[in-house]
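Trainee: Okay, here's the structure, questions in a sec.
The values are calculated or read from the model by the stated rules, or taken from the named source; none is laboratory data. Since this is a predicted model, take the numbers as computed values, not measurements. Neighbour counts are summed over all protein chains in view; Cβ atoms, including those assigned to glycine, are modelled from backbone coordinates with ideal geometry. Ligands, DNA and RNA are excluded from the accessible area calculation, which covers all protein heavy atoms including side chains. Shrake-Rupley method; radii C 1.70, N 1.55, O 1.52, S 1.80 Å.
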Amino acid sequence: MSQPAAEARPSLAARLKSQPPREAARMLAAEEPARALEALAELNPGLTQDLLAELPPEALAAVSKAASPEIAKQWLRNARYARGAIGRLMEPAYAVFAPDITVGQAIEQLRAVVRTAFVTYGYVTDGEGKLLGLLTMRDLLFSDHGARLGDVMLRGAFAFRADTPIADAMKHTLNRHYPVYPVCDEAGRLVGLVRGAAIFEEQAFEITAQPGAMVGVEKEERVTTPLSRAFKFRHPWLQLNLVTAFAAGGVVALFQGTVDKLVILATFLPVLAGQSGNTGCQALAVTVRGMTLGDIRAGAGKRLVAKEFLLGLSNGAVTGLICGVAMFFLARSQESPHAMMLGLAVLLAMTGSCAISGVSGALVPLGLKRLGADPATASSIIVTTATDVASMGLLLGLATLLIR
């Protein structure tokens, strides 16, 4: 019975993936260095760097000692780069040759390398380590063994800069689909390799984290995150949301006299808030998606904001007309002498609030990005506040002006 149960248990690598970096690092530190190293080899290099950064110094030293010199050196090099940079995803470049050696010599060197490393391409560098060209296995297989690598290599090979953001790197991979990409520093020196699968995996994780980030859920939080830690992640954002909710409540308080006089307005306040809030979230989703895919280039922000304004205005006018008619007949059924003005107030408030919501849904992530912050971080909370204040303020304000 114990053997099937052991087989059903997830591997160490799978368990590490399911945990936030801090908890995964604790789990990793409890393992033997050899087993920890084996698990790290199965992880995305970016996640590996996150775990290494959380390991206690003694555990980090033990795992680094168990790794090969090439891997340990690459870990140190990767740690220099910020999270979200290609440099965090690098693996060692094993098949690196000088331009003056022959094809036959390169093949002999590769025989030893391929026993311990997976090699897709070979790379040719000069004495300073600058990337000169790339070698495919076909080049080595069909070229004369006496030919120099400098004569058979592919010059001008595409390479990433180590400090390139992963989101930007994704745009370059869309039409290339290479299995492996060389990575160079600012001086053009080869500093590692990054696999296309690692880029897509890392970006996929970032995309899955965006919906949570919009409402204040940290991307570190997983299903398996302990209750106390999940509380610490979420509660500060709920406090922020509470403060912004008071702002919307304050708007209603400003027009308390109008609400007391025209209680019927309370029926349509949640309708306007819900409709304008949905309009803002639609604009927010499209904007964040466009920023992730690189569709919003320099100078395109103004056009996007104008488009969302017109969309909000159009959608608000149509739904506002329907709501205005509904308000008119509801007020008539209650024999209100202000039925026409109430319907007009709802129509104008819905139109205006949806237009404002569309603008805020586009402006908030664009503004956060310009300030150097994550465009998705709690942006939904800010947009929802803007839409609530706009919808309630416009309806109550217009009712106060139109009905005296």
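Trainee: Consider the stretch 321-346. How many of its residues are closer than 30 Å to Val286 by Cα and buried (at least 24 other Cβ atoms within 10 Å of the Cβ)?
Mentor: 2
Trainee: Quick test of your reading of the structure: Val305 fulfils all but one of (1) part of a helix (DSSP H, G or I); (2) more than 30 Å from the chain's Cα centre (by Cα). Name the failing condition by number.
Mentor: Here Val305 meets the rest and fails (2).
Trainee: Restricting to the stretch 110-137, what's the tally of residues that are assigned to a loop (DSSP other than H, G, I, E, B) and out of contact with any Lys or Arg (no Cβ under 8 Å at 6 or more places or on another chain)?
Mentor: Adding up the residues that qualify gives 11.
Trainee: Going by the conditions given, is Glu220 within 19 Å of Leu89 (Cα to Cα), part of a loop (DSSP other than H, G, I, E, B) and at pLDDT 75 or above?
Mentor: Considered against the rule, which asks whether it is within 19 Å of Leu89 (Cα to Cα), part of a loop (DSSP other than H, G, I, E, B) and at pLDDT 75 or above, Glu220 comes out as no.
Trainee: Follow-up question, since we're still on this one. Would a scan of the stretch 135-153 turn up a residue that is open to solvent by less than 80 Å² (accessible area, probe 1.4 Å), within 24 Å of Asn44 (Cβ to Cβ), under 39 Å from the mean Cα position of the chain (by Cα) and of a type outside the set (Phe, Trp, Tyr)?
Mentor: Checked the stretch 135-153: no residue is open to solvent by less than 80 Å² (accessible area, probe 1.4 Å), within 24 Å of Asn44 (Cβ to Cβ), under 39 Å from the mean Cα position of the chain (by Cα) and of a type outside the set (Phe, Trp, Tyr).
Trainee: If you don't mind, another one. Can we say Gln275 is of a type in the set (S, T, N, Q), more than 32 Å from the chain's Cα centre (by Cα) and either at pLDDT below 80 or more than 17 Å from Val364 (Cβ to Cβ) (or both)?
Mentor: Criteria not met by Gln275.
Trainee: Please verify whether Phe268 is free of Cβ contacts under 8 Å to residues at least 40 places away in the same chain and surrounded by 17 or more Cβ atoms within 10 Å (Cβ to Cβ), treating the condition exactly as stated.
Mentor: no
Trainee: Right, another one. So, in the stretch 254-264, exactly how many residues are assigned to a helix (DSSP H, G or I) and closer than 16 Å to Leu394 by Cβ?
Mentor: Qualifying residue count, the stretch 254-264: 3.
Trainee: Oh, and also: Kindly provide the set of residues from the stretch 81-104 that are in a helix (DSSP H, G or I) and either more than 28 Å from the chain's Cα centre (by Cα) or β-branched (Val, Ile, Thr) (or both), ordered by number.
Mentor: Answer for the stretch 81-104, where residues must be in a helix (DSSP H, G or I) and either more than 28 Å from the chain's Cα centre (by Cα) or β-branched (Val, Ile, Thr) (or both): Ile86, Val103, Gly104.
Trainee: Mind checking whether some residue in the stretch 82-103 is free of Cβ contacts under 8 Å to residues at least 60 places away in the same chain, of a type outside the set (Phe, Trp, Tyr), within 30 Å of Met153 (Cα to Cα) and open to solvent by 50 Å² or more (accessible area, probe 1.4 Å)?
Mentor: yes
Trainee: Please state which one of Ser276, Ser333 is without any contact (Cβ under 8 Å) to a residue 24 or more places away in the chain and out of contact with any strand residue (DSSP E or B) (no Cβ under 9 Å at 6 or more places or on another chain).
Mentor: Only one candidate qualifies: Ser333.
Trainee: Restricting the stretch 32-80 to residues that are part of a helix (DSSP H, G or I) and of a type in the set (Ser, Thr, Tyr), which is surrounded by the most Cβ atoms within 10 Å (Cβ to Cβ)?
Mentor: Thr48
Trainee: Now a separate question. Between a first residue in the stretch 128-141 that is under 12 Å from Phe158 (Cα atoms) and a second residue that is assigned to a strand (DSSP E or B) and among the charged types (D, E, K, R), which pairs have beta carbons less than 8 Å apart while being 6 or more apart in sequence or on different chains?
Mentor: Leu131/Arg189; Leu132/Arg155; Gly133/Arg155
Trainee: Let me ask another. Name the single residue that is modelled with the highest pLDDT among those in the stretch 363-381 being assigned to a loop (DSSP other than H, G, I, E, B) and under 16 Å from the mean Cα position of the chain (by Cα).
Mentor: Result: Gly372.
Trainee: Here's a follow-up. Looking only at the stretch 104-140, count how many residues are out of contact with any helix residue (DSSP H, G or I) (no Cβ under 9 Å at 6 or more places or on another chain) and of a type in the set (Phe, Trp, Tyr).
Mentor: The qualifying residues number 2.
Trainee: Now for a different question. Any residue in the stretch 347-355 that is within 18 Å of the chain's Cα centre (by Cα) and surrounded by 20 or more Cβ atoms within 10 Å (Cβ to Cβ)?
Mentor: No: zero hits.
Trainee: Of the residues in the stretch 173-194, how many are open to solvent by less than 80 Å² (accessible area, probe 1.4 Å) and either over 21 Å from the mean Cα position of the chain (by Cα) or over 17 Å from Gln74 (Cα atoms) (or both)?
Mentor: Of the residues in the stretch 173-194, 14 are open to solvent by less than 80 Å² (accessible area, probe 1.4 Å) and either over 21 Å from the mean Cα position of the chain (by Cα) or over 17 Å from Gln74 (Cα atoms) (or both).
Trainee: Of the residues that make up the stretch 159-176, is at least one of a type in the set (Phe, Trp, Tyr) and in a loop (DSSP other than H, G, I, E, B)?
Mentor: For the stretch 159-176, residues of a type in the set (Phe, Trp, Tyr) and in a loop (DSSP other than H, G, I, E, B): absent.
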